[in-house]
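The block underneath contains the structure these notes are about, expressed in structure tokens.
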Amino acid sequence: MKYGDLPGFVEEQEAFGETTVTIETPRIREACEQARDELGFSMLVDLVATDYLHWGGKGVSGYIATASGRDLNFPSTQGLQTLPELKPKRFSVSYHLLAMRQPAARVRLKVWLDDGEAVQSVVPVWPTADWHEREQYDLMGISFEGHPNLTRILMEDDWAGHPLRKDYPIGGEPVRFSDAE
């Protein structure tokens, strides 16, 4: 496929049998419309944000990469042999797309943004993005411009913070017992 013609195209990467296309953040809706209308990606399978706070910084344990990966049943760290590659901004938002044809095609469109930056809503492109975007807003604090109802979907309305961010305080809520005074 020719992804280089998508609006806001930055780069295309192939890894592990998957294609990731990075798009300039202000042009994501335009790129999604073209992916749907001209490339046949009629289905938004998922939309997910990732927090890369302190990624590649001091104290981040590295890994030794092998062709077969690591054995997850034998956890260990090998120190700082390979540091993760620095990311352009703190957050990425990935749009996992599927073209319903034979053979089925998949692609991931990705944008980068910093804390407080918003990204355009793709609800006008794929209505299913409504719940996906609300989930990322609720759990990661990502704002989607033009979303018809950007409110919490999983956490209570008065919940403070966004629990999947790396800077969210760990420690839980104080337990209230019915017998306690």
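Percentage of Cα-Cα pair distances in the range 90-167 greater than 18 Å, rounded to whole percent?
45
For the pair E33 and D5, how long in nm is the line joining their label points, each one 7 Å along Cα→Cβ?
Between E33 and D5, the simple spin-label model gives 1.7 nm.
Which of the aspartates and glutamates could a cross-linker bridge to K87, judged by Cα under 18 Å and excluding same-chain residues fewer than eight apart?
Straight-distance partners of K87: E11, E12, E14, E24, D51, D114, D115, E117, D167.
What is the calculated FRET efficiency for E156 to S42, with r their C-beta to C-beta distance and R₀ = 45 Å, to the nearest 0.05?
Taking R0 as 45 Å, the efficiency between E156 and S42 is 0.80.
So what is the accessible area of the range 97-175 per residue, in Å², with the probe set to 1.4 Å?
58
Within 10 Å, Cβ to Cβ, of L150, how many net charges do the neighbouring residues add up to if Lys/Arg are +1 and Asp/Glu are -1?
That sum, taken over residues with Cβ under 10 Å, equals -2.
Net charge within 12 Å of S121 by Cβ-Cβ distance, Lys/Arg positive one each and Asp/Glu negative one each, not counting S121 itself?
That works out to -1.
Is any residue of the range 1-39 close enough, with backbone N under 14 Å, to a label point placed 7 angstrom from the Cα of E145 along the Cα-Cβ axis, and if so, which?
24-31
The values are calculated or read from the model by the stated rules, or taken from the named source; none is laboratory data. Owing to the predicted nature of the structure, the values given are computational and were not obtained by experimental measurement. All Cβ positions, glycine included, derive from the backbone under ideal geometry; neighbour counts span all protein chains shown. Side chains included, ligands, DNA and RNA excluded: accessible areas come from the protein's heavy atoms. Shrake-Rupley method; radii C 1.70, N 1.55, O 1.52, S 1.80 Å.
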